[in-house]
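The values are calculated or read from the model by the stated rules, or taken from the named source; none is laboratory data. The shown structure was predicted, so the numbers you read here are calculated from the model rather than taken from an experiment. Cβ coordinates were reconstructed from backbone atoms using ideal geometry, including for glycine residues, and neighbour counts include every protein chain displayed. Just the protein is used for accessible areas: all its heavy atoms, side chains included, with ligands, DNA and RNA removed. Shrake-Rupley method; radii C 1.70, N 1.55, O 1.52, S 1.80 Å.
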Amino acid sequence: AAAAVAVAAPAAGDGGDAAAEKSEFDVILKSPGGAKLAIVKLVKELTGLGLKEAKEIVDSAPKAIKEGVGKDEAEGLKKQLEEAGAEVELK
């Protein structure tokens, strides 16, 4: 019986990790698209970074814009960036 409990415990732990992964997302800028300047401004606005830092993120795409954010925030950021012409991925 003790062996069965030891086997079941890691399986339950794995399920918990999967649930935790689904609650936090990384917003990845894959490509700024054609409106690079607009994307730089939007990244600056969304992250609170300076213009230089925002430009560096956009220039080094694919790059994480925000990490470990909730699903609603991640989807909101993705929507705003895509509307501006960027290619975005949530991980």
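The table that follows gives values for the structure above.
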{"quantity": "Count of segment 51-91 residues which are farther than 23 Å from residue 23 by Cβ and of a type in the set (D, E, K, R)", "calculated": "7"}
{"quantity": "All positions within segment 23-57 that are outside any helix (DSSP H, G or I) and in contact (Cβ under 8 Å) with a residue 12 or more places away in the chain", "calculated": "24, 25, 26, 27, 28, 29, 30, 31, 32, 33, 34, 35"}
{"quantity": "So residue 34, is it open to solvent by 30 Å² or more (accessible area, probe 1.4 Å) and at pLDDT below 90", "calculated": "yes"}
{"quantity": "Qualifying residue in segment 13-28 (condition: of a type in the set (S, T, N, Q), surrounded by fewer than 16 Cβ atoms within 10 Å (Cβ to Cβ), modelled with pLDDT of 90 or more and within 19 Å of the chain's Cα centre (by Cα))", "calculated": "no"}
{"quantity": "Residue match in segment 54-65 (condition: open to solvent by 70 Å² or more (accessible area, probe 1.4 Å), charged (D, E, K, R), touching a Leu at 6+ places or on another chain (Cβ under 7 Å) and closer than 15 Å to residue 32 by Cα)", "calculated": "yes"}
